[in-house]
Every structure is written in C-alpha cells, then in structure tokens.
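What follows is one structure encoded as structure tokens, with my remarks underneath.
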Amino acid sequence: MKKLIVTSVLSLLLTTAPVSADEPLAVVELFTSQGCSSCPPADAFLGELSMRQDVLALAYHVDYWDYIGWKDIYADSAFTQRQRDYAHTFDLRYVYTPQMVVNGTAETSGNERRKIVAAIEENLKRSTDVQFRASDHQVEIDGPAQDQAVAIYQVTYLKEEKTEVRRGENRGKILSEYNIVTDLVELSEWRGGRYVFSLEDDLEDESSSRALFLQRKGDLKIIAALKL
C-alpha cells in the first residue's frame, strides 16, 4: 500500500466542486469477513447505507476468521487492530463480526438494522463547531482548541466487488460487498485552529473512492467527515 504524503504545496487531488462537512455526515464502520456466515446480510445492509448522502459507509475486513478455511482477500491485521481499539473503548470483552460502529460513539451487530439507523439519526442531530472543507485542490480544517489530539484519516475504498468463496462457512456463495476499505492512513494530527493541507494524488483505479474523517484519539469519537 502506498502512503499518501501531506504537503504544503497544492496538488491535483481535488478537481471537483467544493465539498464541506457543514452538512452532518454519519460514519458507519462495518467489521466483517468473507469467512463469517452471518456477515452477508450486514454487508448488504452496508450497501444500502452507502447509497445515503448523509452516511459514509466503510467495510473493514478482519483476518481472525481466515483460519477456518477461507482467507478473506480484503482482510488486514490493521483493521482487526482498529476493531480491538474500539472493543477497548466500548469495554467489550471480545471482538465479533458483523459489528457496526457509528461515529465511534455507538456499536452493535451489523444485523441490528433498527439500532443502527437510530444511532445514525442520533448522530446526525448533533451539531459540530468544526469546519471541514475541501475545494480548489486543498483541505481546510478550522475550529476551537481540542482537549485531545484529533487524527486526520484518509480512507480509500472499493465501491462494490463480488467474490466467489470456495471454502469455509460461505463456501459456494458469491458475495457482494460494498465500500471495502483497502487503505487507511493517518495523515496528521489536529489540535484546533486553522489547518490547510494538500494530498498527493495517486488514485488511479476508477472503482475506488476516497474520504477524510477526523477522529479523536482518546475516546475514538469521529467529529467530522468528507466524501471526496
């Protein structure tokens, strides 16, 4: 995976109309696996959520189901660690799939549709005093001083892929999966005030998309997000 470089010089990443986090955007993270028999319904639900303009839906494939006969082609140990970090924050004794986390503030099974929708709506009601914008080839963050460091993440994801599973719990199935995270990079930290930066543009796959989100490092709350 290529690392993206934060520079002080404007690059060519953002060539579309300006985007802004002034409109609320809920980040829904699904922890899933192609080796998990209860995950396909949650994968399909994430696909539905990905169609919402007010939701950034992301699927992280974990690797701890690989031992049962099928190695998930999108699994990454870094995504498993991200889920473990959430488990620690939510005081959970174990990690599980499918799990959905909304804005780093609520978690439940990815098959609990009503609970997930309720958490999304609750998060969309919350106002933020952080300005987060992307336009004219640059990204700008502005807001009050933060009581903890805020990580600036860039995430790259595949919009939709199908995989034929030949072994394991989903043997014989063709899985449809959505917004599959392929790369998650912490670009920098932000602690308040105005911060402007650019990103190196190396996205060549038309099937991929990118987004940015701001996540507090202490309690893992996501405070703003942008679809690029």
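Only the coordinates and a few stated rules stand behind these numbers; no lab work does. What you are looking at is a predicted structure, and each value in this text was computed from that prediction instead of being measured. Here Cβ is always computed from backbone atoms with ideal geometry, including for glycine, and neighbour counts include all displayed protein chains.
Comparing 146, 128, 70 along the charge dipole axis of the chain, the residue lying farthest to the positive side is 70, per the Cβ-charge model. Its Cα centre serving as origin, the chain has a Cβ charge dipole (Lys and Arg +1, Asp and Glu -1) of approximately 540 debye. Between the C-alpha center of segment 85-112 and that of segment 183-228 there is a gap of 21 Å. Taking the empirical scaling 2.2 N^0.38 Å for compact globular proteins as reference, the chain has a Cα radius of gyration ratio of 1.00.
With respect to the chain, whose longest principal axis is taken over its alpha-carbon atoms, helix 77-89 is tilted by about 80°. Charges were assigned to the Cβ only: +1 to each Lys and Arg, -1 to each Asp and Glu. The resulting dipole of segment 62-191 about its Cα centre is roughly 640 debye.
Taking the chain as the reference, fit the longest principal axis to its C-alpha atoms, fit the long axis of helix 39-49 to the helix C-alpha atoms, and give the angle between the two in degrees, 0 to 90, nearest 10. Here the helix axis deviates by roughly 30 degrees.
For every other residue with a beta carbon closer than 14 angstrom to the beta carbon of residue 164, add +1 if it is Lys or Arg and -1 if Asp or Glu, then tell me the sum. Net charge around residue 164: +3. Between 0 and 90 degrees, the angle of helix 113-125 with respect to the longest Cα principal axis of the chain falls at about 0 degrees. Among 93, 166, 216, the largest mean-square fluctuation in a Gaussian network model of the chain, built with springs joining Cα atoms closer than 10 Å, belongs to 93.
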